[in-house]
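Structure record follows, encoded as structure tokens.
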Amino acid sequence: FTPEVAARLRENDRQVLQSGRNQTFEELLSTPMGPRIELCVKGPLRGERDEIVGLFGIGRDMTTQRRAEQALRESEAHYRSVVTVLDDAILVFAPDGKLITSNPAAAGILPGAGQPLQGDWGGIGEWSPLGPDGQVLPPDQTPPARVVATGQAQRNVELQAIGPDRQVRWLSINAQPVNDPSDGHLLAVVMSMSDITQRRALFDEIESHRHHLQDLVDARTQALQLANSQLAEAEHFVRTIADNLPGRIAYWDRDLRCRFANRGYCEWFRLQPETVVGTHAREVAGEAYFDQVLPRLMAALGGEYVIFERE
């Protein structure tokens, strides 16, 4: 061995010889395969008169195990640092429902529950989940308990929780099973939780405005329906009177298209009411008659009150 390694080994040997009893050391050795970690049990060898005559050592190569343990520690440190900085609460439950661990954000979402958090999936600290009826939710109906019962993840579950000061918060919850990769049995349930109280308040306010607007639309629709009904009744009344007058009555727009004609007008020109409306005056009266009456029509459209006789 190198002088440095040899000095460490000799120091361990000296401690065993001086104490006179077995001791266990973890020694870093230089070998042709590179640095190796060896777990070594060393003890004194005694002669017939119980005097120390030597030293024995039993070594086991622990390099692979120690490297795996180090990798695991680094992985745990990495994921713990990630979970620590999350704004969402992360809680880990044992299969029997007991809370194992949580991140700092959980105490912020459930103030007054203590740090570290304690409890089970039926309640954390003095916070209890509520059902749709506003009553405390039975423990077997909570998202983590549903994961244990069904083996399926529970996603985007929104529920309320009530605290020690009777404060109520809305929470969005996801619960995920953690299964043993070797045999698949449940190891734990990981639950993430975020506070959506403000979002729900905004949603409720928007819903309130939406219902108010819907009420206004419904009221306006009813008013329009009433107005249309009254207009239809008025039109029916006007047509009834116009159809019973002995003269011919017609209404023409500025394009000289018929918008209204009473029964006497339609009978005079032998036309059906549905064919008159929208028809140009030239088509109704014919070319000769239209040319005679056109100047008077234009005078009336110009604002002049016109009275005339004709054959």
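The values are calculated or read from the model by the stated rules, or taken from the named source; none is laboratory data. Computed from a predicted structure; not experimentally measured. Every residue, glycine among them, receives a Cβ derived from its backbone with ideal geometry; neighbour counts consider all protein chains shown. Only protein heavy atoms, including side chains, enter the accessible area calculation; ligands, DNA and RNA are left aside. Shrake-Rupley method; radii C 1.70, N 1.55, O 1.52, S 1.80 Å.
Please report, in debye to the nearest 20, how large the charge dipole of region 171-311 is about its Cα centre when each Lys and Arg carries +1 at its beta carbon and each Asp and Glu carries -1 there. List each step's numbers first, then the result.
On the way: 14 positive and 21 negative charges, 118 e Å.
Result for region 171-311 is approximately 560 debye, rounded to the nearest 20.
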Practice prompt. Please determine, in degrees from 0 to 90 and to the nearest 10, the orientation of helix 197-243 with respect to the longest principal axis defined by the Cα atoms of the chain, where the helix direction is its Cα long axis.
Written response: 10 degrees
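Given a 1.4 angstrom probe, what's the average accessible area per residue across region 176-222, in square angstrom?
On the way: 3410 Å² over 47 residues.
Each residue of region 176-222 exposes 73 Å² on average to a 1.4 Å probe.
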Worksheet entry | Accessible area of residue 100 in the full protein assembly, 1.4 Å probe (Å², nearest 10) | 100 Å²
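For residue 150 and residue 211, what is the calculated FRET efficiency with R₀ set at 41 Å and r taken between the beta-carbons, to the nearest 0.05? Intermediate values should be presented prior to the final figure.
Values: r = 36 Å, r/R0 = 0.88.
Efficiency, rounded to the nearest 0.05: 0.70.
Heavy-atom accessible area per residue, region 51-126, 1.4 Å probe: how many Å²? Intermediate results must be reported in sequence, preceding the final value.
On the way: 4700 Å² over 76 residues.
Heavy-atom SASA per residue in region 51-126 reads 62 Å².
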Worksheet item: Helix 63-85 sits at what angle to the longest principal axis of the chain, using alpha carbons and giving 0 to 90 degrees rounded to 10?
Response: 40 degrees
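For the chain, with all protein chains present and a 1.4 Å probe, just round the carbon and sulfur fraction of the accessible area to a whole percent. Before the final figure, lay out the partial values.
Details: 11360 of 21010 Å².
Accessible surface attributable to carbon and sulfur in the chain totals 54 percent.
Evaluate E = 1/(1 + (r/R0)^6) for residue 180 and residue 232, where r is the Cβ-Cβ distance and R0 equals 51 Å; express this FRET efficiency to the nearest 0.05. Can you show the working numbers first?
Details: r = 76 Å, r/R0 = 1.49.
It comes out at approximately 0.10.
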Worksheet item: To the nearest 10 degrees, how steeply does helix 287-301 sit against the main Cα axis of the chain, on a 0 to 90 scale?
Response: 70 degrees
Fill in: Listed residues 237, 269 arranged by accessible area, highest first, probe 1.4 Å
237, 269
Practice prompt. Compute the Rg to Rh ratio over region 135-265 from the alpha carbon atoms, using the Kirkwood formula for Rh, and round to two decimal places.
Written response: 1.53
Worksheet item: For a paramagnetic label modelled at 7 Å from the Cα of residue 307 toward its Cβ, which residues of region 233-258 fall within the zone defined by backbone nitrogen distances under 17 Å?
Response: 247-248
Fill in: Per-pair calculated FRET efficiency, R0 = 51 Å: residue 78 and residue 136 via Cβ, rounded to 0.05
0.85
Worksheet item: Given springs between every Cα pair under 10 Å in a Gaussian network model of the chain, which of 292, 222, 230 has the largest fluctuation?
Response: 292
Worksheet item: Of 200, 67, 46, which has the largest mean-square fluctuation in a 10 Å C-alpha GNM of the chain?
Response: 46
Practice prompt. Before anything else, pin down the relative contact order of the chain: Cα pairs under 8 Å, at least 6 apart, normalised by residue count, whole percent.
Written response: 8 percent
